[in-house]
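What follows draws every value from the coordinates through simple rules; no lab data is involved. Keep in mind that what you see is a predicted model, and the values were worked out from it rather than measured. Ideal geometry is used to build each Cβ from the backbone, glycine not excepted, and the neighbour counts take in all protein chains shown.
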Amino acid sequence: MLISDAAIDRRSTVFALMLIILIVGTYSYMVLPRESTPDITVPYVLVITTYEGVTPDDIESLITYPIERKLKGLKDVEKITSVSAEGSSMITIEFVPDVNIDNALQWVRDKVDQAKGDLPKDLENDPSVLEINLSEFPILMVAVSGEVDEAVLKAVGEKLEDRIEEISGVLDVVLTGGRERQIRVEFDPDRLYAYRISLGEIVQAIRQENVNIPGGSIDIGQGKYLIRIPGEFSDPDEIDNLVLLERDNQVIYFKDVARIVDSFEDRTSYARLNGSQSVSLAIKKRTGANIIEVADRVFALLNAADELVPQGIQLSVTFNQSKDIRKMVSELENNIITGLILVVLVLFMFLGLRNSLFVAIAIPFSMLLSFSVLQLFGMTLNMVVLFSLILALGMLVDNAIVIVENIYRHMQEGFAAIKAAKMAASEVGWPVISSTATTLCAFFPMTFWPGIMGEFMRFLPLTLIITLTASLFVALVINPSVCGHFMSLPKKQRHSEKAPSQIITLYGLTLEYALKHRLLVVVASFMLLIGIGGTYAVLGHGIELFPEIEPNNAFVEITAPEGANLAASNALSQRVEAVTAKEQDIVHVVAEVGVSGTGGNPQSNLTKISLDFIDRDDRSEDSRQVLDRIRTALIPISGAEFKVEKKEEGPPTGPPVSIEISGNEIAVIDQLVAAARQRIKDVDGLVDLKDDFAKAKPEIRINVDREKASLLNLSTAEISEMVKAAISGTKLGVYREGEDEYDIVARMTEERRQSVADIKNLLIPSSNGDPVPLSTIADVELGVGFGSIRHIDQKRVVTISAETYGRNSNEVLLEVQDKLSSMQFPPGYQITYSGEQEEQQKAAAFLSKAFVGAILLIMLVLVTQFNSLLQTLIVMTSVLLSLTGVFLGLMITSTPFGIIMTGIGVISLAGVVVNNAIVLIDYINQLLAEGMELNKALIRAGTVRFRPVMLTATTTILGLLPMAIGVSFDFKSLHWIIGGESADWWGPMAVAVIFGLAFATLLTLVVVPVLYSLAESARNKFYPQKHV
């Protein structure tokens, strides 16, 4: 070939190029950012509106509906969902995957601006329009815990926050837990009544005093002076001595009717680490920053700070994303070294040590070239890219093996090294290019994978395309040049026909027998495919979206009844913490009581307990068994719903069972949900069954008598504001101390806002200045309301969700669907299935199209290569026969058919298995063109190409073997590693490729020559003047 000949003639240029690749590739690998998951754009926009103290049904009518009506006109929208909860509305707009997220944000902002005129006038803040950015999720969580005062914990957390934010690569540090300081003006209602003072007068007085208003400037003499009136409080005690007002010739001070308390805001949550109170630091890295380097800098700071914190305080890392990526980088490095060793060992048996090294150099140079391109394209070393590089390891040497083995064979025939290199490259150059092109064609359609799943998984085909293209360049440029100048043979091997090995002799005899019984071989091959496929359909292990892996982290979510206060939720949490504390494999138990609900505001009835397991190698049992034991131990605890679930890996998919029931009337939906739950509750393998319909939330309703209120010149809005100020508090301003600001809040004392009677006795100012009790102008009664109201595309909806355990998720879902299929729904009400099932259907639909697209592209390359449709169809039979190995491998390893992993494996096989057939048929064509008889040409081509075909298949299989069986060797610590997250996650894909390739290779060496022979016979019968 022209490029190979030029490389051989200009070896100095090639060696200089090798040096450049070595330097640039090494530098690129060192600076490539390490990330756990790909930095993908999520096409979701959130509209969050807070309206404190307002019930969910009022939030729905006052905020959610007006905004949703405007958003309905947006283009490129997949779905609009919303949650109207107490005090907040959150609307999620899901756009089509290819939308520009910046444009989408602006469209939503415009629509929200249009809706502002329909929103309540007393909203403190405008609705917030936000995007979801996965790159800004925390990479580390640090807990500051100990049996000390919460103010001390918070102070230590704030100091650490400031120090960590100074670290290069850190974007933000969010401190959670611990209450903010608050200056409270707590008034006595009895004294207010005695002095005939309303709360509004207190609020107005403080707001007028705590001010800092500029007075302009004045020229005096030759100077210009600014005028300031510093009226802000410098000490909270100043409020005590302020004159409130003068009534009946008596001066009334604030201290006469209220007390000033320097305290903390109301507790809305509890946070504990292993039973001790704590605060947490969520550390986020900048986009593109190296996660490992950032984490190392944080750890160095924490190690130094550990000695400086007060006695009794511990610093613990409860979440470390860098640990997983560190393991994957180590796996890649170990696999590269293992691949080099295995390739050298395998090739050593055929080519000798020195010549095997010529093939082995394809691995480091292809990898280094790939690292350079990855950095050029701005990609990162994340879990998908790293596995793609590992997957490519075995394929990198395929082209080099064919080239080097052919040079070796020509040198055995007596040609000089340079002449042999040129002849060999010219002979197999185009087949090598074609075989690489077919592999690239298999992966190319996957680059168009839509949705978040596609954003996540498209890094796999992109990385493989880059890496395999790099290997082709190395095989055509570097390998021929190096072999042409450095390959040598012992003199006894020159001009001598080395006796074929026993295995090649056995293969030759097998092929001769097959060519004599052609129909039997073809029929037996396809019957084997049908037989194993049918057996798998009966005895297989079901279908899954992603592999079921042993989790490192898990959660226990506790949902107490609507209206449960923080103390009740805290008691439930402590009981669950006591259960988890008994498990020796759990190192951290982080409890968060009163966590934020789906509406964004903290909810006292929700608790989340995070479980962090010790390292996998140190566990006494599978963490899934631990979670099942915890789930069983929680069954006797009444008074709440408990959900035990593992942390999901990969792109978000939702729960395995997710059922949406939608309609207009919430009461009807409630009945349908109850009926559906009753039908499916006993399904085997279904656990943690729950729904998100929050009902019967207790509330106190104040029904204003508008006539009485009007006679006193009072409006419903004024009464509402006074009630809110007295019960929830009203912000009067801020008190500044140094750089910190603390709220000044006026409200009734805690002991006077604990009953309905206290609310009834609340004083409301009247038009004549004398306050009147609330009970004289309104009826106060107890009632119930909704906890939260959810919409999908403006329809009310309730979702029933569940996890699965001990049974394939798809089997569970099929039984659930069967039990619900006979359920009757009123007109306007419907049931749909979402979550993992929805993503599975989307993925299956796309991968089916990608497979067809890959087959068509591969056929186009083959027709171009052979200029024969019939020969193309012969080659494509190897793709079909590879499915026999895939099904057999899944049965042997008891692996379910993974829509994503096995699906990608099958598509990969389509491009890989045809490579051997291409090389084989191309050589058959060459021999026939030289005039050799058909059967002799078939046997000659088979025996000559047996060695490179088996070598390429073997190296690919060996490269994936550690991933499939979960056993590898760590060259840094010099010990064997058994199992691992990567093997669990990517193993099914490796199993599909290994068994499919092994089976297809063995059948290709026999079936392809037989089919060629049959095609030639048919050609001689019908078209005697043409070749196949």
Percent RCO, i.e. relative contact order, over the chain, from Cα pairs under 8 Å lying at least 6 residues apart: 17 percent
Net charge over other residues, Cβ less than 9 angstrom from the Cβ of Leu686 (K, R count +1; D, E count -1): -3
Given the options Ser604, Ile700, Val142, identify the residue whose Cα lies farthest towards the positive end of the charge dipole of the chain (+1 on Cβ of Lys, Arg; -1 on Cβ of Asp, Glu). Val142
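Using the number of other C-beta atoms within 10 angstrom as an exposure proxy, rank Phe456, Phe999 with the fewest first.
Values: Phe456 21, Phe999 25.
So the residues, fewest neighbours to most, are Phe456, Phe999.
Tell me the mean residue ellipticity at 222 nm calculated for the chain from its helices only (DSSP H runs of n ≥ 4, each -39500 (n - 2.57), averaged over every residue, nearest 500).
Values: 32 runs with 521 residues, N = 1028.
Estimated from H runs of four or more residues: -17000 deg cm²/dmol.
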With the dipole of the chain defined by +1 on each Lys or Arg Cβ and -1 on each Asp or Glu Cβ, the option from Asn212, Val156, Gly733 whose Cα lies farthest towards the positive pole is Val156
Taking 0.36 nm per residue of separation between Ile337 and Ser973 and subtracting their Cα-Cα distance, the length gained on full extension comes to 227.6 nm
Potential extension, Asn935-Thr864 segment - 0.36 nm per residue separation minus Cα distance: 23.0 nm
Compute the Cα gyration tensor for segment 205-309, then decide on rounded, prolate or oblate, letting a ≥ b ≥ c be the square roots of its eigenvalues: rounded whenever a/c is under 1.5, prolate when a/b is larger than b/c in the other cases, and oblate in all that remain. oblate
In terms of the Cα gyration tensor, with a ≥ b ≥ c the square roots of its eigenvalues, is segment 552-646 rounded because a/c is under 1.5, prolate because a/b exceeds b/c, or oblate? prolate
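Are there any trypsin sites (Lys or Arg not before Pro) in segment 85-136 that are in a DSSP loop and have at most 13 other Cβ atoms within 10 Å? List them by number.
Working: sites: Arg109, Lys111, Lys116, Lys121; in loops: Lys121.
Here the sparse-neighbourhood loop sites are Lys121.
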If every Lys and Arg gets +1 and every Asp and Glu gets -1 at its Cβ, then about the Cα centre segment 552-646 yields a dipole, in debye to the nearest 20, of 240 debye
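Give, in nm to one decimal, the length gained when the segment between Asn713 and Glu781 is fully stretched (0.36 nm per residue of separation minus the Cα-Cα distance). Write out the running numbers ahead of the final one.
Details: separation 68, 0.36 × 68 = 24.48 nm, distance 2.37 nm.
Between Asn713 and Glu781, full extension yields 22.1 nm more.
Starting from segment 175-257, pick out the GluC sites (Glu not before Pro) whose DSSP state is loop and whose Cβ has at most 15 other Cβ atoms within 10 Å.
Taking segment 175-257 and a limit of 15 other Cβ atoms within 10 Å, the loop GluC sites (Glu not before Pro) found are Glu180, Glu232.
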Trypsin sites (Lys or Arg not before Pro) restricted to DSSP loop in segment 927-978 with at most 12 other C-beta within 10 Å: Lys972
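About the Cα centre, and with charges only on the beta carbon of Lys, Arg (+1) and Asp, Glu (-1), how big is the dipole of segment 38-133? Nearest 20 debye, please. Don't jump to the answer; show the numbers that get you there.
Values: 9 positive and 19 negative charges, 72 e Å.
Rounded to the nearest 20 debye, it is 340 debye.
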Given axes a ≥ b ≥ c from the Cα gyration tensor, I'd like to know whether segment 330-371 is rounded (a/c under 1.5), prolate (a/b larger than b/c) or oblate. oblate
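Could you work out the mean projected area of the convex hull around the alpha carbons of segment 38-133, in square nanometres to one decimal?
Working: hull surface 24.2 nm².
Its Cα hull, projected and averaged over all orientations, spans 6.0 nm².
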Once the dipole of the chain is set up from charges on Cβ (+1 Lys and Arg, -1 Asp and Glu), the residue from the list Leu689, Leu572, Thr467 lying farthest towards its positive end is Thr467
FRET efficiency estimate (nearest 0.05) - Cβ-Cβ, Ile614 to Asp122, R0 51 angstrom: 0.45
Quick one: net charge of Asp248's neighbours, Cβ under 14 Å, K/R +1, D/E -1? -1
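What's the Kirkwood radius of the chain in Å, using all Cα pairs? It would help to have the intermediate numbers written out before the result.
Details: mean 1/r = 0.0297 Å⁻¹.
One over the average 1/r among Cα pairs gives 33.7 Å for the chain.
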Need the C-alpha centroid separation for segment 833-898 versus segment 364-388, integer Å. 26 Å
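Note down the net charge around Leu515, summing +1 for each Lys or Arg and -1 for each Asp or Glu among other residues with Cβ under 15 Å from its Cβ. Don't jump to the answer; show the numbers that get you there.
On the way: positive: Lys516, Arg518, Lys936, Arg940; negative: Glu512, Glu933, Glu1016.
The answer is +1.
About the Cα centre of the chain, what is the dipole size in debye to 20, counting +1 per Lys and Arg Cβ and -1 per Asp and Glu Cβ, all else neutral?
Details: 88 positive and 123 negative charges, 1178 e Å.
Roughly 5660 debye, rounded to the nearest 20.
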